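Okay, structure first, notes after.
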Amino acid sequence: MAYSSAYITGLLLALMVSFNGMLSNYTSTYFSSFIFNAIGLILFAILLLRPSKLSSGHMKPRLFWLLLPGALSALTIVMSNITVAQLGITIMVGISLLGQVLTSLVIDGLGLLGKPKTKITLKQIIGICIIFVGVYLLL
């Protein structure tokens, strides 16, 4: 479970960075960072204080996309804290890095989340293999 959690943490971070990048295109880097951290704080405060009152049906699709980076940020922090306690920082960061790189490669290679489609190179695949071997050696 801890290994899956570390990988998902990396996956969520890659998604969060992508969504935050979209938001920064409409605002600024600092303001978008403020927004996604503030939204994460607000969403988790609501979850902690009033879990029965949340309903995703009330959100408009555009608002949902603006709120998502904050939720991913908060979830990433929680999962990191849980995983570090079980695996230690080095293994958690190594597995998270693998998750980030693989997810980012898929987003770029398939042109997901409004990003331009880019060709996956042999050099990138070799790099991912090296990261995988490095993480394996850390275990």
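Bear in mind that the values in this text are calculations on the coordinates, not laboratory data. For clarity, every value in this text was computed on a predicted model and none was experimentally measured. Cβ placement follows ideal geometry from the backbone for every residue including glycine, while neighbour counts extend to all protein chains displayed.
Let's test the formula: R0 of 22 Å, r as the Cβ-Cβ distance of Met22 and Thr121. What FRET efficiency results, to the nearest 0.05? Don't skip to the answer; put the middle values down first.
Working: r = 25 Å, r/R0 = 1.12.
Taking R0 as 22 Å, the efficiency between Met22 and Thr121 is 0.35.
For Leu49 and Gln86, what is the calculated FRET efficiency with R₀ set at 30 Å and r taken between the beta-carbons, to the nearest 0.05? Write out the running numbers ahead of the final one.
Details: r = 28 Å, r/R0 = 0.93.
Result of the calculation: an efficiency of 0.60.
Multiply the residue gap between Ile42 and Leu110 by 0.36 nm, knock off their C-alpha separation, and tell me the result in nm, one decimal place.
On the way: separation 68, 0.36 × 68 = 24.48 nm, distance 3.24 nm.
Roughly 21.2 nm would be gained on extension.
Need one number: nm distance between label points at Ser4 and Leu97, each 7 Å from Cα along Cα→Cβ, rounded to one decimal.
Computed distance between label sites Ser4 and Leu97 equals 2.5 nm.
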